[in-house]
Amino acid sequence: MDTGLTTLREQDITKHQATAQGLVSRTTVIVSDDKSRSRTELAGTRRRFVSTISTGPSQRAVEVKIAETVSAVTPDDEMLSIAQHTLIFRLRRAIAVGLAVQDVFARQTELEALQAENRSSPLAGDRASHFHKLLGAGAFVAMFTASSYLVQLLDTSDDSTGEIPDPVFEFDTPVDAMKHLVYGLDKTVTGAPDDSQLIARAKAYARAVIAGLLSRQGRFDELAGFENNHIRLDADDFELNGFDVVERARRKPLVMTFKKPHEVVGNHIAKYQATKLAKMLMAYDFDRELNPFVDLGGFIFTFIGDGYPGTGKTTLIQMIAGLVKDYCDVAGYPFHYENFGVDQISSYQGKSGQNCKQFITNVLDPRAIGFGTVDDIDQVASKRSDDRSSAGQQEITAVLMESFSGANTVVRGNCSFGMFSNYPENVDDALRQRAGARWLVDGPQTEDDYIDIFALLLGKNHDIGLGDHDLFAAQEIKAAVETAYELHNEPQESGLLKVFKTFMKDNGKVKTLADVGAYLHDIKVAEPRFTGRAIKNITDAVKMRAMDVELPDEWFETPDVFMHHDFDRKRDMIAELRSPITLETIIQEINRYADSEFRYTAKSDQTAVDTIVRDHRVRERAANEIVELKETGRWNV
């Protein structure tokens, strides 16, 4: 059974802090000396000589003061360095967290009840045996948790250059397990030449402990139920998924195949707005943690791109990421790109939502320029009414809705989120409406588009002439987008076109805001999902068109011209380029947005019709085959 998400409380950890502090400061460990095991490696191997004469191991008490061992790395400095203090603090915290998780294990099994019973009167017989087995399993859990904590929370990119001793395991009690963890760690870091090797050796030892524990896991039948636990400590961003080995991923340099705007064929409006978005992000002010475009209006915080497979959604993502990264490199700003995909849907209850929340948090980081994408959003997040979807998909839907337009959503203007899908009609209506901009990714459309994309993909390894064609001229954004916007003076979808023509026939040309409101109401009557949120998205798009300023490329070639100015100066420079809002722009944006809703509805309806038609055809074919079987006497065979 999946026991779901367990969140550790700080008070559960604090009650073990005194024990953890004692182990870190000074502790005595009983260790065995196996005299049959040589301390010298055989030449040319990593194995040691083992005597054939059987001698029992002797035990001795060893006093461990790991805090002093760590401080000895820099003997000339009486104070601990930051790295040394971090290791001691993380070790104390790891022990306390390990004991707290052992408490969770005790509550989930009979261990807690047996401990209470044993305190009142010593257990005997089978109950005593069962108690000791559970206590050993609890010690295993505590040691695994503490080691996992060190692996996840010790931050180093260095590899250990010293020999890592074999871990020593003791499963009598959880505290004994912690003592032996401290003992092994003390041996490992003794003689570390510097702070970087100190942390590297400690982390390598923690990994060795985890490996040793997993090789011994089969000895503890009582651990079976714990494997389904998902435990999280939000304060430290620490998580435990049963006995899975989890290491915190370090942010690596972005590795992508970037595309230039001319390499995106067709998709003119989407490409145009993508280039605008890249420049908008670079107006972000790190001191004020605000973007002038958020203040002035027109910032694209969320958008959804839809189109048939192969129309260029992935290429568009590569183009946006490439543009933003290039601008960030010029300005010296950190840039973070992250995609959330189906591989982050977890079978653990609550884990999928946690993964999604972490994705949102990473992209929202106000100390960096961020771009986050959810590719194939219809597979990652599900409709809330879909009873065939997994719990993880439902969790992701809830997190995205809350993050994109929730009570606690704060738009600073340092990042943007894009959702992409081949089947947007399968996305939950409420989530889809949280996308402030709609980008139709329809790929190449004209003859020039098809010539351009074929020449682009074919490459240059041939001698075939181009012919009478100006290569990539049709992909010049400024010229192409004017034509693309003009197409929306009238709706493109047949359902909306009927509403538009009826309105124009009854009311004439739109001249006032009252006419605009009446047109919107007529759309609402024809399409019930055209709600107040749709109106907000349309007005945001209109404001964006008003702020659809052509920020000069010169502003982004060197950082001092624009990007490194203060917030007020950036705001003034942008405001000077702002254009007025016109009725033509309003009608175009209404038609663009409403077209998308009618398109989604039409796709959804057509899918339902196709399913019903197919079912009828199957039933008719089955009926014909039944008649044939009866006529040939094979029906009852």
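The values are calculated or read from the model by the stated rules, or taken from the named source; none is laboratory data. Note that the structure is a prediction, hence the values are computed from the model and not measured. Backbone-built Cβ (ideal geometry, glycine too); neighbour counts: all protein chains shown. Please note that ligands, DNA and RNA were not included when accessible areas were found on the heavy atoms of the full protein model with its side chains. Shrake-Rupley method; radii C 1.70, N 1.55, O 1.52, S 1.80 Å.
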Q. So GLN349 clears everything in (1) surrounded by fewer than 21 Cβ atoms within 10 Å (Cβ to Cβ); (2) in contact with a strand residue (DSSP E or B) (Cβ under 7 Å, 6 or more places away or on another chain); (3) over 30 Å from ASN228 (Cβ atoms) except one condition, right? Which one?
A. (3)
Q. Do any residues in segment 380-397 that are closer than 16 Å to GLU425 by Cα and of a type outside the set (S, T, N, Q) have Cβ atoms under 9 Å from those of residues that are in a loop (DSSP other than H, G, I, E, B) and open to solvent by 40 Å² or more (accessible area, probe 1.4 Å), where the two are at least six apart or on different chains, and which pairs are they?
A. VAL380/ILE345
Q: Identify, by number, the condition in (1) modelled with pLDDT under 90; (2) closer than 19 Å to ILE164 by Cβ that ALA61 doesn't meet.
A: (2)
Q) Taking segment 405-418 only, how many residues are modelled with pLDDT of 90 or more and either over 18 Å from ASP295 (Cα atoms) or crowded, with 21+ Cβ neighbours inside 10 Å (or both)? A) 6
Q.
Condition (residue is closer than 16 Å to GLN197 by Cα and surrounded by 19 or more Cβ atoms within 10 Å (Cβ to Cβ)) applied to segment 101-108: is it met by at least one residue?
A. no
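Yes or no, residue by residue, for (1) part of a helix (DSSP H, G or I); (2) in contact (Cβ under 8 Å) with a residue 24 or more places away in the chain; (3) not aromatic (Phe, Trp, Tyr):
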| site | (1), (2), (3) |
| --- | --- |
| ASP287 | no, yes, yes |
| VAL294 | yes, yes, yes |
| ILE300 | no, yes, yes |
| GLY305 | no, yes, yes |
| GLY310 | no, yes, yes |
| THR314 | yes, yes, yes |
| MET319 | yes, yes, yes |
| LEU323 | yes, yes, yes |
| TYR327 | yes, yes, no |
**Q.** Only listed residue being modelled with pLDDT of 90 or more and under 30 Å from THR7 (Cβ atoms), chosen from ARG207, ARG232, ARG250, ARG201
**A.** ARG207
**Q.** Candidate set from segment 514-553 (those that are part of a helix (DSSP H, G or I) and among the hydroxyl-bearing types (Ser, Thr, Tyr)); member that is surrounded by the fewest Cβ atoms within 10 Å (Cβ to Cβ)
**A.** THR539
Q. Which residue pairs have Cβ atoms closer than 7 Å, lie 6 or more positions apart in sequence or on different chains, and pair a first residue in segment 338-355 that is closer than 20 Å to SER403 by Cα and touching a residue at least 60 places away in the same chain (Cβ under 8 Å) with a second residue that is among the aliphatic types (A, V, I, L, M) and part of a helix (DSSP H, G or I)?
A. GLN349/ALA391
Q | Restricting segment 554-575 to residues that are among the aliphatic types (A, V, I, L, M) and in a loop (DSSP other than H, G, I, E, B), the residue that is least open to solvent (accessible area, probe 1.4 Å) | A | MET563
(Q) Exactly one of these conditions fails for SER147: (1) crowded, with 22+ Cβ neighbours inside 10 Å; (2) of a type outside the set (A, V, I, L, M, F, W, C); (3) farther than 19 Å from ILE95 by Cα. Give me its number. (A) (3)
Q) Of the residues ARG592, ARG529, which is closer than 20 Å to THR275 by Cβ and basic (Lys, Arg)? A) ARG592
